[in-house]
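The values are calculated or read from the model by the stated rules, or taken from the named source; none is laboratory data. As the structure is a computational prediction, the values presented were derived from the model and not from experiment. Note that each Cβ is placed from the backbone with ideal geometry, even for glycine, and that neighbours are counted across all protein chains shown.
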Amino acid sequence: MRPNGSFATSLILRSAVPDDVTADGVAARTSTDSFTGASVGLVLPSLSGAAVSKLPAQHYAVGSAVNQATRQIGAVIGVAITVLLLGHGVVERSDFNAVYGLHIGLALLTAALCVFVKTRPAPRPA
């Protein structure tokens with residue numbers, strides 16, 4: 001499974017976990033959150049490397065900075081959308097269903113778009 005697909009899978013699993021504070025509920029949330037963290041840890045280095053792979057060596061720093069800035073802007077937009085969807089008085093666990101659905105859809109879209117990104121290093125000429 002590609003890392004992007006595992007991230008989408010982790011979001012689907014997380015949305016299915018009941019919100020209880022029993023030992024089983026905490027264990028289930030911990031395992032799905034660990035899977036999410038591992039998925040993000042697998043995908044970000046590949047995408048960061050792919051973002052600068054075609055740049056000349058002297059432009060790696062600027063290319064990496066632009067990539068990181070773009071990620072940060074995406075995070076800000078994601079938080080803004082979450083606040084927009086949940087920005088009312090009392091927030092219940094069920095209110096997050098729309099947010100999870102949005103995250104799952106965006107993760108699947110990212111996985112589909114990244115299928116064509118070449119993350120393997122090019123062979124060096126002999």
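Might you let me know whether the stretch 70-82 holds any residue that is touching a Phe, Trp or Tyr at 6+ places or on another chain (Cβ under 7 Å), over 21 Å from Ala98 (Cβ atoms) and surrounded by 11 or more Cβ atoms within 10 Å (Cβ to Cβ)? No; the residues of the stretch 70-82 include none that is touching a Phe, Trp or Tyr at 6+ places or on another chain (Cβ under 7 Å), over 21 Å from Ala98 (Cβ atoms) and surrounded by 11 or more Cβ atoms within 10 Å (Cβ to Cβ).
Please go through the stretch 80-90 and pick out each residue that is modelled with pLDDT of 85 or more and of a type outside the set (Gly, Ala, Ser). None; the set is empty. Of everything in the stretch 75-126 that's of a type in the set (Val, Ile, Thr) and outside any helix (DSSP H, G or I), which residue is farthest from the chain's Cα centre (by Cα)? Result: Val90.
Filtered by the rule that a residue be within 19 Å of Val117 (Cβ to Cβ), over 21 Å from the mean Cα position of the chain (by Cα) and not in a helix (DSSP H, G or I), the stretch 46-74 gives Lys54, Leu55. Exactly one residue out of Ser31, Ser39, Ser6, Ser15 is surrounded by 12 or more Cβ atoms within 10 Å (Cβ to Cβ), at pLDDT 75 or above and under 20 Å from Asn97 (Cα atoms): that is Ser31. If the condition is being among the acidic types (Asp, Glu) and either in contact (Cβ under 8 Å) with a residue 12 or more places away in the chain or touching a helix residue (DSSP H, G or I) at 6+ places or on another chain (Cβ under 9 Å) (or both), then the stretch 83-107 contributes only Asp95.
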